[in-house]
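Since every read-out is calculated from the coordinates, none of them should be taken as a lab result. This is a predicted model, so every value here is computed, not measured. Note: ideal-geometry Cβ built from the backbone for every residue, glycine included; neighbour counts use all protein chains shown.
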Amino acid sequence: MKKMITSLFALLGLVACGHQGFENADVNAFVECLKNPDVVLLDVRTAAEFDEGHIANALNIDVKADDFVEKIKSILPEEKTIAVYCRGGKRSADAAGMLVKEGFKVVNLLGGITTWKDAGMPIEVTEPEDTYEVDSFVTKSGKEVKFHALVHASIRIEYDGKEIMVDPVTKLGEKTIDYTEMPKADYLLVTHEHFDHFDTTAIKLLTGDNTQLVTNQRCADMLGHGTVMANGDVLQLADDITLEAVPAYNTTEGHQQFHPKGRDNGFILTLDGLRIYIAGDTEDIPEMAEIKDIDVAFMPCNQPYTMTVEQLLNAARMVKPRVLFPYHYGQTDVSGIPSQLGADGVEVRIRHYE
């Protein structure tokens, strides 16, 4: 009789572990087991491992957690059969042993998710949550443009499968941006050389084989490469992407040394007709009166380097963007700007651009 039972288990791909009280299953037998609606699939790896790839519909509870058994008992009735797996089979076997002692019926995947993947079986990956605020706009032909508020003056723009990065920095104050989690940039725009806009580490992390870096002469000289734009230059990046370099400088007495006239750039980026003004580090200069038909504007607000709140209000009234994002504002209180521009028909959105 014992031989007959053993033969039956072998035929089904199951190996009885009588002394432990649970069954080991190969991939095929595990698949059959999961077809039973009374079976609960349990992944006992860490949350990070689970996010990298797991079997569909799996519950994730780390077997190394001190309250592993208590968590299982709190959510699953004893009549449920638990199909358990880990990376290679050892942790899941340990978990199976614990669960059997609590009265559960358990099937353990031999070789873990490694053998599952080797057999060509599908896995799911947990998409990382975007921890940055995202604003979405639509171009004239219906294409979506997403703006991710990274930090200060660093903006990630997604458009029609393209990645556009503006003034990326890896660290500012206590905030760190992990660019290894983001795609390589198709276009990388740098307004000027100051550390909170020009970061060689971020540039290297975002540069791929097809990345086009666009900046001013000073930054290009320091990097040894890059497409140089001066105030007034226009560059056709693609059939539906145009970039204009516009002035960005200080005018207040005693502040001109921070951003002298003619050295740095602001940018007007046009994506399929959607016009985006990225002001860079500037005050409310008279050239802003010539900037027209802006859908989305990013304007800085922190003296002595850029604008006061009053200057920002004046700049917004000159440019008249449909939507304004105050950025580069540090510790400046910008909370009153939306109400002050309400009568001017400018929608103001405050995001984490400290």
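When LYS101, LYS320 are arranged by Cβ crowding within 10 Å, least crowded first, meaning fewest neighbours, the order is LYS101, LYS320.
Restricting to region 133-348, what percent of DSSP beta bridges are antiparallel, rounded to 5? Once the DSSP bridges in region 133-348 are tallied, antiparallel ones form about 65 percent.
When you filter the GluC sites (Glu not before Pro) in region 235-298 for DSSP loop state and at most 15 other Cβ atoms inside 10 Å of their Cβ, you are left with GLU253. Taking the centroid of alpha carbons for each part, region 72-128 and region 274-324 are 57 Å apart. Here the 3J(HN,Hα) profile of region 53-64, calculated from phi with Karplus coefficients 6.51, -1.76 and 1.60 at θ = phi - 60°, is x, 8, 6, 3, 6, 6, 8, 10, 9, 5, 5, 7 Hz, Gly and Pro shown as x.
A DSSP coil position with no more than 11 other Cβ atoms inside 10 Å describes the following trypsin sites (Lys or Arg not before Pro) in region 127-230: LYS140.
Farthest towards the positive end of the charge dipole of the chain, among the residues GLY103, HIS352, ILE241, is the Cα of GLY103, using unit charges on the Cβ of Lys, Arg, Asp and Glu.
Projected over all directions and averaged, the alpha-carbon convex hull of region 25-145 occupies 10.3 nm².
The ranking of THR176, THR126 from fewest to most other beta carbons within 10 Å of each one's beta carbon is THR176, THR126.
Applying a DSSP loop filter and a limit of 10 other Cβ atoms within 10 Å to the GluC sites (Glu not before Pro) in region 162-203 leaves GLU174. Taking other C-beta atoms within 10 Å as the exposure proxy, PHE147, PHE68, PHE195 rank PHE195, PHE68, PHE147 from fewest upward. Lys and Arg at +1, Asp and Glu at -1: add these up for the other residues within a Cβ distance under 9 Å of LYS143 and post the number. Taking every other residue near LYS143 into account, the sum is -3.
Helix 309-319 axis versus longest C-alpha principal axis of the chain: approximately 80°, rounded to the nearest ten.
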